[in-house]
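The values are calculated or read from the model by the stated rules, or taken from the named source; none is laboratory data. Quick caveat, the model's predicted, so the values are computed rather than measured. Virtual Cβ from ideal backbone geometry, glycine too; neighbours counted across all protein chains shown. Heads up: the accessible areas ignore ligands, DNA and RNA and are worked out on the full protein's heavy atoms, side chains in. Shrake-Rupley method; radii C 1.70, N 1.55, O 1.52, S 1.80 Å.
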Amino acid sequence: LRFQAVFYEAHVWLNGVYLGSHEGGYAPFEFDVSALVEPGTDNVIAVQVDNVIRRDRIPAQLRANWSFDWWNYGGIVRDVALEISSNVLITNQQIVAIPKLVAENQTDSAVITTQVNIFNASKDDFEGLLSAEVFDEATGLSVHMIASSPVSIAARRSRKVQITTTLEYPKLWHFDHPNLYRWSTSLVTNDGQVLHTKEDNFGVRLVEIRDAQFFLNGEPVRLVGLTRHADSPEHGLAETVTVMAADYDDMKRLNMVFSRPVHYPQTEIILDYCDRNGILLIPEVPAWQLTSSQMADPGMRTLEKQQLAEMILAAFNHPSVWAWSLGNEIDSRSDVGHSFVREMVAYVKSLDPTRPVGFASNHLNVYPQGDATEFSDFVLMNQYIGTWAGPKQDLGPALDEIHETWPDR
């Protein structure tokens, strides 16, 4: 039983049996209900939702009568589905495709490494085969076969299997030509019965930050774009596909190729849109303006890590996602802010060593040297010069000082 998102804290029952809870309003979560579903009769799902704003939640209340800067809708805000699989199943797979560039936007091969996570939910050990195949997403045609390999998993246990292969002359993913491939992994019994197949789209592309520039497939590019809250007058956070697609169609027509899509993980529909239409993303968890006391709280640090892990797990295979953001406008000049950023950057890199990590700072217009951006891979600046952060003529000198502080970023 899979929920794409419930805001903010959910407690779930099936046929009167308590399944568990989940905290956080923008991430998928699920429960195994195999033993509780009653075939041939009505099954009742009950969800209790709590969206009370509190200081120990993310997004957090900052002080009395003041909270984060968008609406805290409460309820089941994204899709719910009942997913059916075999007792031995592929729970997820993480695909990394690194091209070998021979020139700008040209490659002769790519190394693809896929970590396949398998769970044996049965009471018997499993002996079988793991096979994989790569398809061109546009044509549906197979472009690469990976030889089957034996796999064994003890009863009630999980196992990780790594598959590495080379794809010859792949089409690169770029915002001007967002080519996609589909990786299909199958679990097969020794007598040839397919138990479970897991398919995920991916792209072959290389992102580099060097010499204070952003390179996509060896090409130095200038990224322009905007952002959009997941909110509409008719639906609030529980938006329809039609509403989301219409807005993103408009933004793409404006030549948007880049977005930090506001302060919380986006729905799978938007991630897929950006994959297919060429928009680079920096997803972010809603650690919005956390204070030093909040960041010092071990419970808040645990919650931050939970939300980072859920975001990364859900979005890992999307080629549109090139970096991760820890949050927005935290107290990043304090000692606690420094330790918080160092700890969270290291944690994200332990989950995904392939992408840069940063956070959006609003403290860089004066003395950037004291900011926790020092521990990030790149600079994210929220710029208010020309409004309440000084006159607009201060912007040039502020940007120069930021560049002098981190000349390689």
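Observations on the structure shown:
- Distance between modelled label sites at residue 293 and residue 306, nm, 7 Å Cα→Cβ extension: 2.2
- Considering only beta bridges that DSSP places wholly inside segment 206-281, some 70 percent are antiparallel.
- With R₀ set to 35 Å, the beta-carbon distance separating residue 85 from residue 234 gives a calculated FRET efficiency near 0.50.
- Computed in the context of the full set of protein chains, the accessible area of segment 299-345 at 1.4 Å probe radius has 54% of its extent on carbon or sulfur.
- Relative contact order of segment 297-359, defined on C-alpha pairs under 8 angstrom at six or more residues apart (%): 43
- The share of C-alpha pairs in segment 223-267 whose separation exceeds 12 Å stands at 62 percent.
- Helices in the chain that qualify as membrane-span-like (whole DSSP H runs, Cα extent of at least 24 Å along the helix axis, mean Kyte-Doolittle hydropathy of -1.0 or higher) are 298-315, 335-351.
- A simple count of charges around residue 362, restricted to other residues whose Cβ falls under 13 Å of its Cβ and scoring Lys, Arg +1 and Asp, Glu -1, yields -3.
- Taking a quarter of the surface of the Cα convex hull of segment 1-99 gives a mean projected area of 9.9 nm².
- Each DSSP beta bridge with both residues in segment 204-350 is either parallel or antiparallel, and the antiparallel ones are about 55%.
- R0 of 25 Å, Cβ-Cβ distance residue 176-residue 408: FRET efficiency to nearest 0.05: 0.40
- In segment 69-225, the inverse of the mean reciprocal separation of distinct Cα atoms equals 18.1 Å; this is its Kirkwood hydrodynamic radius.
- Here the contact order of the chain, divided by its residue count and restricted to Cα pairs under 8 Å and six or more residues apart, works out to 12 percent.
- If the chain linking residue 400 and residue 184 were pulled fully straight, counting 0.36 nm for each residue of separation and taking away their Cα-Cα distance, it would gain 73.0 nm.
- Among (1) 31, 27, 24; (2) 33, 26, 19; (3) 36, 29, 20, the entry derived from the coordinates for semi-axes √(5λ) of the Cα gyration tensor in Å: (3)
- At the listed q of 0.16, 0.23, 0.30 Å⁻¹, the Debye profile of segment 80-119, built from one uniform point per Cα, gives log10 I(q)/I(0) equal to -0.60, -0.79, -0.98.
- For segment 192-316, convex hull volume per residue from C-alpha positions, Å³: 202
- Stretching the chain fully between residue 156 and residue 105 yields a gain of 13.8 nm (0.36 nm per residue, less the alpha carbon separation).
- Distance between the pseudo-spin-label points of residue 145 and residue 392 (7 Å out from Cα toward the beta carbon): 6.3 nm.
- Burial order of peptide ranges 395-403, 170-178 (average beta-carbon count within 10 Å, highest first): 170-178, 395-403
- A 1.4 Å probe run over the protein chains yields, for segment 1-120, 51 Å² of accessible area per residue, whole-number rounding.
- Restricting attention to the chain, close to 90% of DSSP beta bridges with both partner residues there are antiparallel.
- Each Lys or Arg adds one and each Asp or Glu subtracts one; over the other residues with Cβ under 13 Å from the Cβ of residue 135, this totals -3.
- Total formal charge among the other residues, if their Cβ is under 14 angstrom from that of residue 50, Lys/Arg +1 and Asp/Glu -1: -1
- Between segment 359-409 and segment 71-118, the alpha-carbon center distance in angstrom: 34
- Principal axis box of segment 1-56, alpha-carbon based, largest edge first, Å: 44, 18, 14
- When the Cα atoms of segment 83-160 are aligned to their principal axes, the ranges along those axes come out at 53, 23, 23 Å in descending order.
- Residue 378 versus residue 242: modelled label distance in nm, points set 7 Å from Cα along the beta carbon direction: 3.6
- Computed E for residue 221/residue 117 - FRET, C-beta separation, R0 35 angstrom, nearest 0.05: 0.55
- Here the convex hull built on the C-alpha positions of segment 282-409 has a volume of 105 cubic angstrom per residue.
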